[in-house]
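The values are calculated or read from the model by the stated rules, or taken from the named source; none is laboratory data. Keep in mind it's a predicted model, so treat the numbers as computed, not measured. Please note: Cβ atoms are built from the backbone with ideal geometry, for glycine as well, and neighbour counts cover all protein chains shown.
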Amino acid sequence: MQDSAARAKWVTFGVLLAVLGAVVLVLALAGGGSGGGGDRLVLERSVGRAGLMEIVASVPEALNKPRVARGKRSVGLECKDGTGQVILRGRHQWPFIYEEGYPLPHTHQAASEGELERISRCRVIGTTEKVEGELGLRG
């Protein structure tokens, strides 16, 4: 009788460990671990060299790899307003460029003053990872 009670405890313990392991795996795959999975795109309003308004979209170096875009040479950049309406779309070279004066690999997306006023979020389309971020409020 003691053997069957001890065995039942071990089986219950094993089942609990399996369930806990599955939950941890699901959270890790869904981006629930450290880093979150989103907000990996740093967005800044800027004035380009030609004097035109633009968004500079930067990504961490670890994401700026050909494999992240499945080897494709370009990705999309899509920017939306607070209601989810697409305000701006563009195609950009991937991986993003390294340029003197910028700490991260990035791309430049031309935008009008009106578009910049309306945009709240942008995302990179065509990557295996979720790459998105918020355009901060004007300072």
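Structure notes:
- Here the condition is being farther than 29 Å from Glu113 by Cβ, in the same structural domain as Glu129 (by TED's automatic domain parsing) and out of contact with any helix residue (DSSP H, G or I) (no Cβ under 6 Å at 6 or more places or on another chain); of Gly76, Gly71, Gly48, it holds for Gly71 alone.
- Some residue of the range 66-78 being among the hydroxyl-bearing types (Ser, Thr, Tyr) and in a loop (DSSP other than H, G, I, E, B): no
- The requirement of being at pLDDT 60 or above and of a type in the set (A, V, I, L, M) is fulfilled nowhere in the range 8-18; no residue meets it.
- Scanning the range 83-93 for residues that are free of Cβ contacts under 8 Å to residues at least 12 places away in the same chain and either buried (at least 19 other Cβ atoms within 10 Å of the Cβ) or assigned to a strand (DSSP E or B) (or both) gives a single hit, Val86.
- Of all residues in the range 102-139 being of a type in the set (S, T, N, Q) and in contact with a helix residue (DSSP H, G or I) (Cβ under 7 Å, 6 or more places away or on another chain), the one that is nearest to Arg45 (Cα to Cα): Thr127
- Once the range 94-139 is narrowed to residues that are β-branched (Val, Ile, Thr) and touching a residue at least 12 places away in the same chain (Cβ under 8 Å), the residue that is surrounded by the fewest Cβ atoms within 10 Å (Cβ to Cβ) is Thr128.
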